[in-house]
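Worksheet: the structure to be examined is printed underneath.
The values are calculated or read from the model by the stated rules, or taken from the named source; none is laboratory data. From a predicted model like this one, the values you see are computed outputs, not experimental measurements. All Cβ positions, glycine included, derive from the backbone under ideal geometry; neighbour counts span all protein chains shown. Accessible surface is based on the protein model in full, side chains and every heavy atom, while ligands, DNA and RNA are left aside. Shrake-Rupley method; radii C 1.70, N 1.55, O 1.52, S 1.80 Å.
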Amino acid sequence: MKNPDSQPENVKCREYIEMKTREHTEVIKESLILSLQERLLENKRIRRIFPERGRLHIDRQLPFLCVYRIPSDKPDFQTGRLIVGQASYLLAPGAKQQRRSVADLVRMIVRTLSREFGTFLITEIWAGPAGQEEEALPERLRHPGFRLVIPRSEVSQVIVDSYRHPLERIRIRSLPAVVDIVRTRRVAPPNCAPLLTSAEQREFNCHVIGLEIDPIYFNRESGEEFPLIRRALQRELTRSLQQIFFSFTRSQTAQKPPHYLSLGRRAVVKAVWEVDRKLGEISSSFDFLLQATPVNIESEWMKFRRRRFQRMPEFLYRPQPKDPSQLKQDLWKIPIPRIEDPTLAYLFREKQDEIDTQISMLSHIDTKKFFYGSMQLYGQVKPSLLRAALEILETIPPRSRNAGGKLVTLDEFMDRARDEMEYYRSLYPAMKCKVEVRNDITGLMVSKGNLLISRTVKIPVTRVEALIQHEIGTHVLTYVNGKAQPLHQLHQGLCGYEELQEGIAVFAEYLVNGLSRPRLRLLAARVIAARRLIEGASFIDTFRELNVTWKFEQRVAFIITSRIYRGGGLTKDMVYLRGLATVLSYLGKGGSLDPILVGKISLEHVPVIRELQYRKLLNPIPLRPRYLESPEVCERLARAQQGLAISDLITRK
């Protein structure tokens, strides 16, 4: 008797291929659809990968679904990525043999969720054909275009307008969107059957709207993709669709979500945490400011004075702990393109670019290239900022009556700083920050949540509380609040966070009545020094202007100039005064402190933070500044929220 396993190899191979073919034609089996239905009924998250790049993602029970059917007979150009930022979407396999199972899956989703909400909305997108009239236009002139495909059966004008208005607000490269509305008997992409029959739509009270998108994200002639345009379109379309779903949910169901952002994704895929962790590891592998701060400022000051201020100081810097080339390789290997969420991908790309610039700067420290990188990070001294700085220096005399005074000892200041740290630790025991005395810095600095104090620092009694609230009440506190969030970037700092950070810190000095007139002069002098650096003035010329023209003491003028000219030119110090103006403007327009204390962010990120809070991706902040417990501080804060400018701080009593 023959062993059945001893069949010829070609027979085995043929049977294997037939078996795989059967599996291929049934990628969405009935048993899978039933198991997905159980998860929907239990309001559990669904994330399922299908062959042929198919994917189903449903965060939670929601009365809408975005659908894109992946074409099997023509190029796709990643059109499906336009909807993957939604909380409920289906990338459906587009092969003919999958059409029935895809329809079964959609029917199950609609039937299940329409019972929960009383209605349902399907938005199916597809890429439109190349238009002949626009074919001759340069690619840069192509407006974003949308064609709303509405069934001829009665559809509420409210629903039609809820689509049209958000889409018309889309702008890509400053070009406004063009939205056309077409009524038709069948709503489906070309060569595809409708997802639901008319009878099924009536049975489930389901509205099916088609959205044909002009494929401006690829070249019609060469087929080359334009990834930056696709990303921009994805961000804009994601927001518009959320507004559409918000309007539908509030008008057609009993649900009343508080904001359209609350309908965004709450489930975060593993790729997000992987990217966040890797960006955090690279960012924390070096301390940019510490690396760019000379270790011999005090000794160079002594030499500079002995040489009668005629010879440039020769600064020395800490050795770099990491190879810049390797850091860059690791940085650009981070798989940001795998992230579906356009908001988080945008934040990560911003940070990736900033880290790349910082690594380049440190690899060219003490050269002109370092200065060029600084200009990329911090920008120019704008005329309005220069005018504000000159007004301060011209209005406040160099020997102000609240300059100088009795000094506190190093031990006294450390005791006060540790007391403030312990207060916050009593509210949030997870806080691990500490106070350290260092020989290799000047003044005060917060690094990775720790307060670093120079052994040679001299602090007037009148400045103690202001410095405590600047360093601990702002920099340490936002580090701890950011550390309490799921995203590492919020304690390490989102791109461009320094301006808002320093602005809040200086504003905190004002709130505790510690923003002295000499302090304002110091911040103004930093702006002047940065402007002179940009204009090409030498270290000695800038020092002399601060000392002779603006009457700063020689050592103070040296420290200001050293901070600006360190590394080859670091214009960061101008952001203190610029940040103060930014915070005053933000508060004067009705802004609140809470959103800007969630971590180390820029003002441009406040809408993003609000979005992530609505989506429940961020935790409540564990700490608020101690100074807000004071009635006097709250009174000053209220005054600022009524509108204050820097000039008002110059003349205040």
message = Could you check region 212-256 and list, in sequence order, the residues that are part of a helix (DSSP H, G or I), in contact (Cβ under 8 Å) with a residue 12 or more places away in the chain and among the basic types (Lys, Arg)?
response = ARG230, ARG231, ARG235, ARG239
query = Just checking, which of LEU289, LEU279 is touching a strand residue (DSSP E or B) at 6+ places or on another chain (Cβ under 8 Å), of a type outside the set (Val, Ile, Thr) and closer than 30 Å to GLY567 by Cα?
reply = LEU289
message = Based on this model, can you work out whether ASP366 counts as closer than 25 Å to MET574 by Cβ, open to solvent by 50 Å² or more (accessible area, probe 1.4 Å), in contact with a Gly (Cβ under 8 Å, 6 or more places away or on another chain) and of a type in the set (Asp, Glu)?
response = yes
query = When only residues in region 91-112 that are in contact with a helix residue (DSSP H, G or I) (Cβ under 7 Å, 6 or more places away or on another chain) and more than 27 Å from ARG338 (Cα to Cα) count, which is most open to solvent (accessible area, probe 1.4 Å)?
reply = GLN97
task = Could you look through region 548-573, keep only residues that are aliphatic (A, V, I, L, M) and in contact with an Asp or Glu (Cβ under 9 Å, 6 or more places away or on another chain), and pick out the one that is nearest to LEU362 (Cα to Cα)?
result = ILE564
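Would you confirm whether any residue within region 582-595 is more than 30 Å from TYR428 (Cα to Cα) and loosely packed, with under 15 Cβ neighbours inside 10 Å?
yes
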message = When the residues of region 247-291 are narrowed to those that are more than 19 Å from the chain's Cα centre (by Cα) and of a type in the set (Lys, Arg), which ends up surrounded by the most Cβ atoms within 10 Å (Cβ to Cβ)?
response = ARG250
message = Of the residues LEU467, LEU494, LEU546, only one is crowded, with 23+ Cβ neighbours inside 10 Å and under 23 Å from the mean Cα position of the chain (by Cα); which?
response = LEU494
inquiry  = Which of the numbered conditions does ARG639 fail, given that it passes all the others? Conditions: (1) part of a helix (DSSP H, G or I); (2) of a type in the set (D, E, K, R); (3) at pLDDT 95 or above.
reply    = (3)
key: For THR249: the one exception among (1) at pLDDT below 95; (2) under 20 Å from LEU167 (Cα atoms); (3) in contact with a helix residue (DSSP H, G or I) (Cβ under 9 Å, 6 or more places away or on another chain)   = (1)
ask   = Which ones in region 71-90 are hydrophobic (A, V, I, L, M, F, W, C), over 23 Å from the mean Cα position of the chain (by Cα) and open to solvent by less than 10 Å² (accessible area, probe 1.4 Å)?
value = LEU90
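Here is a yes/no grid of residues against (1) open to solvent by 40 Å² or more (accessible area, probe 1.4 Å); (2) in a loop (DSSP other than H, G, I, E, B):
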{"position": "SER374", "(1), (2)": "no, no"}
{"position": "LEU377", "(1), (2)": "yes, no"}
{"position": "GLN380", "(1), (2)": "yes, yes"}
{"position": "SER384", "(1), (2)": "yes, no"}
{"position": "GLU391", "(1), (2)": "yes, no"}
{"position": "GLU394", "(1), (2)": "yes, no"}
{"position": "GLU412", "(1), (2)": "yes, no"}
{"position": "ASP415", "(1), (2)": "yes, no"}
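Does CYS206 count as of a type outside the set (A, V, I, L, M), within 16 Å of SER114 (Cα to Cα) and open to solvent by less than 30 Å² (accessible area, probe 1.4 Å)?
Against the criterion (of a type outside the set (A, V, I, L, M), within 16 Å of SER114 (Cα to Cα) and open to solvent by less than 30 Å² (accessible area, probe 1.4 Å)), CYS206 qualifies.
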key: Those residues of region 597-616 which are touching a Leu at 6+ places or on another chain (Cβ under 6 Å) and in a helix (DSSP H, G or I), in sequence order   = LEU603, HIS605, GLU611, LEU612, TYR614
Region 172-190, subset more than 18 Å from SER240 (Cβ to Cβ) and touching a residue at least 40 places away in the same chain (Cβ under 8 Å), residue surrounded by the fewest Cβ atoms within 10 Å (Cβ to Cβ) = PRO190
